[in-house]
Amino acid sequence: MRKKLLKHVFFMVCTMALGMMITSCGSMGVSSNGGIPTEEQLSIASAALGDDIRSLSVSVDGVVCQFPMNTGDMIDNGWYFDNDVKKNLESIPGNTLVAPAVTMRKNAADGYAATSCAVQPVNKGTSEISLEESMLYNVVFSKSDGVTVILPGGITWDSTFDEAKEAYHPTEEEAVDMNGIKYILIRSKDNHYSVQINFNSTDDKVERIEFSGRL
């Protein structure tokens, strides 16, 4: 009886921990390894993601985030805006649905190069807010920018077009393979958000991942 109780408690604790990771892009996932995600961290994040790409969850350098993302959560995880961006976009007026696309960066120690991603801050409220208070309704990760990305189903930069199709079972409309252009476009269950995975025409592997929201 005691063993069953301990197993039940252990299961509940693990479930709560994974739930916290998925519902936020919070500091609990930050790596203490100079900004480089550890293998253990990546393994935990991959397990937390599950297999449903329509959930629009993603592991970014070992931290599980949910799209649309909170800008403040990204900042808490070491991402930042360049000074010129903060100067030109210090605040965002209310009802700003089409803000300029800007770059967020993240530095790391031990020779790990700075990584970056392209984002579009949005303010759907009626009052003016700071850049840090905005939501990100468009986020683009590129393989060349150095960020470690894992999608549900274990899809990474090393995954091929066929492997992604096997993981997500897209329809013919969702998986495009035409004249050397290959991508998979999956919409969320409520059809408000989407993720597009683009593949390199030479090695057939993932090279760009874009999360978008309908405003």
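Would you mind finding the one in 49, 89, 56 that is open to solvent by less than 60 Å² (accessible area, probe 1.4 Å) and at positive phi? Please lay out each step first, then the result.
Numbers: 49 fails: at positive phi; 89 fails: at positive phi.
Being open to solvent by less than 60 Å² (accessible area, probe 1.4 Å) and at positive phi holds for just one of 49, 89, 56, which is 56.
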Subject >> Selection within segment 114-123 - open to solvent by 30 Å² or more (accessible area, probe 1.4 Å), at pLDDT 90 or above and under 22 Å from residue 157 (Cβ atoms) >> reply: 118
Original post:
Which of the residues that make up segment 177-197 are under 19 Å from residue 166 (Cβ atoms) and open to solvent by 30 Å² or more (accessible area, probe 1.4 Å)?
Top reply: 177, 182, 183, 185, 196
Original post:
of a type outside the set (Phe, Trp, Tyr), open to solvent by 40 Å² or more (accessible area, probe 1.4 Å), touching a residue at least 12 places away in the same chain (Cβ under 8 Å) and closer than 24 Å to residue 75 by Cβ - does that describe any residue in segment 198-209?
Top reply: yes
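Give me the residue from segment 101-113 that is surrounded by 11 or more Cβ atoms within 10 Å (Cβ to Cβ) and of a type outside the set (A, V, I, L, M) and, out of that set, modelled with the lowest pLDDT.
Step one: filter segment 101-113 for residues surrounded by 11 or more Cβ atoms within 10 Å (Cβ to Cβ), giving 101-108, 112.
Imposing the further condition that a residue be of a type outside the set (A, V, I, L, M) reduces the set to 103, 105-107, 112.
Values: 103: 92, 105: 90, 106: 87, 107: 77, 112: 50.
The qualifying residue modelled with the lowest pLDDT is 112.
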Subject >> Pairs where the first residue, in segment 30-44, is outside any loop (DSSP other than H, G, I, E, B) and the second is open to solvent by less than 30 Å² (accessible area, probe 1.4 Å) and modelled with pLDDT of 60 or more, C-beta under 6 Å, 6+ apart >> reply: 41/62; 42/62
Subject >> Positions within segment 118-165 being free of Cβ contacts under 8 Å to residues at least 40 places away in the same chain and either within 16 Å of the chain's Cα centre (by Cα) or more than 21 Å from residue 71 (Cβ to Cβ) (or both), in sequence order >> reply: 118, 120, 145, 146, 163, 165
Original post:
Do the conditions hold for residue 131, that is, is it open to solvent by 50 Å² or more (accessible area, probe 1.4 Å), more than 22 Å from residue 208 (Cβ to Cβ), at pLDDT below 95 and not basic (Lys, Arg)?
Top reply: no
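Please specify each residue of segment 161-171 satisfying the condition of being open to solvent by less than 40 Å² (accessible area, probe 1.4 Å) and hydroxyl-bearing (Ser, Thr, Tyr).
Residues of segment 161-171 that are open to solvent by less than 40 Å² (accessible area, probe 1.4 Å), as a first pass: 161, 164, 167-168, 170.
Passing the criteria: only 168.
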**OP:** Given the conditions (1) surrounded by 13 or more Cβ atoms within 10 Å (Cβ to Cβ); (2) modelled with pLDDT of 90 or more; (3) outside any strand (DSSP E or B); (4) not hydrophobic (A, V, I, L, M, F, W, C), report the number of the one that residue 126 does not fulfil.
**Re:** (1)
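Residue by residue, here is whether (1) surrounded by fewer than 17 Cβ atoms within 10 Å (Cβ to Cβ); (2) in contact with a Lys or Arg (Cβ under 7 Å, 6 or more places away or on another chain) holds:
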| residue | (1), (2) |
| --- | --- |
| 149 | no, no |
| 152 | no, no |
| 157 | no, yes |
| 173 | yes, no |
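The values are calculated or read from the model by the stated rules, or taken from the named source; none is laboratory data. Small disclaimer: the values here were computed from a predicted structure and weren't measured. Every residue, glycine among them, receives a Cβ derived from its backbone with ideal geometry; neighbour counts consider all protein chains shown. These accessible areas exclude ligands, DNA and RNA; they are computed on the full protein's heavy atoms, side chains included. Shrake-Rupley method; radii C 1.70, N 1.55, O 1.52, S 1.80 Å.
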